Structure formats: C-alpha cells, structure tokens
Amino acid sequence: MAREAVVEISYPGSVISCNHYKYKGGIYTRPEATAWMAELGWTVKELDLDDWKLPLKITVSGEFKDKRSCPDIHNLLKIICDSIEEVTKLNDRDFRTETSEPKITGTLKPVLWIKIEESDIEL
C-alpha cells in the first residue's frame, strides 16, 4: 500500500507566490518566504521521505477567506517543491504535482494542505 501524508500549514499571503518570493533579480529570497520555507521543510523532514518510492505525488489545496485573497495555487508549487527539496535532498524532478480547487469559506486564517504520496508511476 502506498504511503501518504498531509501537511497543514498557514498561508502567509503573496510573499510565497513564485512571482513575489524573490527580489533583486532573483538573487535574494525575502525573509518571510525563507521562514515559511524552513517551517514547511522541517515539517516534511519529519516524514522521513528518503525511503519512499519515487516519484512523489504532491497535491496542493487550500482554504481562503474570499476570492480576492485566494492565490493561484499553481504559482505556489515552485516554492513548495523547493522547500521539500532543500531539506530532503530529493530532486524536484522526482515530484509529480497537481493542484485542487481552492475552498472559499470566509476563514480568517487561510491554510494550505500539501498531500505527499508515493506514486504508482514507474520512472
């Protein structure tokens, strides 16, 4: 049976979008983005993905206050994959990504769910 895990993490806003987390020509990562990446990375590190069957399937979804504050989930995939790659040393070419439709619920604390599962695809 394939293993899977779901990580729940707060969504800090556009600071982690692929369009905003780097500045100065892509040289520097914003401090807020660095802190968020570290939080996600160390949460994922606890899953001990080293012995999971590759490629890993990563599905991202979320819950947001309203449509205006809802990000393009696809734009978050780069920073999520980079965060996972940084602490696990697994190359992100071994990740298969997909996004789910975001939920608009009026919640004041937006949240992201990152589901990581062993894939049934052979490399």
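Computed from the coordinates by the stated procedures, all read-outs in this text should not be read as laboratory data. This one's a predicted model, so the numbers in the text were calculated from it and none came from an experiment. Glycine also receives a Cβ, built like all others from the backbone with ideal geometry; neighbour counts cover every protein chain displayed.
Overview of results
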| item | result |
| --- | --- |
| Most fluctuating residue given options Val60, Val87, Val44, as computed from a GNM of the chain linking Cα atoms under 10 Å | Val87 |
| Of Lys57/Lys109; Lys57/Lys78; Lys53/Lys103, pairs whose Cα-Cα distance is over 22 Å | Lys57/Lys109; Lys53/Lys103 |
| The stretch 4-118 - Debye-derived log10 I(q)/I(0), Cα point model, q = 0.11, 0.18, 0.23 Å⁻¹ | -0.34, -0.91, -1.38 |
| Test item: Cα-centred dipole of the stretch 4-118, Lys/Arg +1 and Asp/Glu -1 on Cβ, debye | 600 debye |
| Segment Tyr28-Glu46, length gained on full extension (0.36 nm per residue, minus Cα span) | 3.8 nm |
| Acute angle (nearest 10 degrees) that the helix 77-88 long axis makes with the longest principal axis of the chain, alpha-carbon atoms | 50 degrees |
| Within-14-Å neighbourhood charge of Ala38 [Cβ basis; K, R +1; D, E -1] | -4 |
| The chain: angle of helix 31-45 to the longest principal axis, Cα-based, in degrees nearest 10 | 30 degrees |
| Where GluC sites (Glu not before Pro) in DSSP loops with at most 12 other Cβ within 10 Å are excluded, longest remaining stretch of the chain | 47-121 |
| Longest site-free stretch - the chain; sites: trypsin sites (Lys or Arg not before Pro), DSSP loop, at most 16 other Cβ within 10 Å | 90-123 |
